[in-house]
1. May I ask which residue of Ala26, Leu68, Val50 lies farthest towards the positive end of the charge dipole of region 3-80, with charges of +1 (Lys, Arg) and -1 (Asp, Glu) on Cβ and the Cα centre as origin?
2. Quick check: pseudo-label points 7 Å beyond the Cα along Cα→Cβ at Leu74 and His51, how many nm apart are they?
3. Loop-only check: which trypsin sites (Lys or Arg not before Pro) in region 1-45 are DSSP coil with at most 14 other Cβ within 10 angstrom?
4. Based on the alpha carbon coordinates of region 3-80, what radius of gyration and maximum Cα-Cα distance (Dmax) apply, in Å?
Amino acid sequence: MPWIYECRQCDARSPAQHDHRDGADAEQERHRTDAHGGLAPAAGDGVRRVHADVRGEGFLPAGWGWALLVLLALMLSNCWGR
């Protein structure tokens, strides 16, 4: 899952998602230096994990795995009932 940096005081957010937390941490340091003189903003900021923009983490969207298993079970039970 990707990582982003958000500054609640500036309402700023990472322009791109980072694959590793180190990239988002570096962006946090850059923003603090550029916008806040190297200090943490008064309203807070942070690095957090987010879902990918495109669901490339799996081959189906969330919840579809269970639906597929139920459908398969129904199809098999129909075959065995005959």
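1. The residue sitting most towards the positive pole is Leu68.
2. It works out to 2.4 nm between the two label points.
3. Those that pass, being in a loop and sparsely packed, are Arg8.
4. 20.8, 71
Bear in mind that the values in this text are calculations on the coordinates, not laboratory data. In this text the structure is predicted, and so the values were computed from the model without any measurement. Glycine gets a Cβ as well: all are built from the backbone with ideal geometry, and neighbour counts include every protein chain shown.
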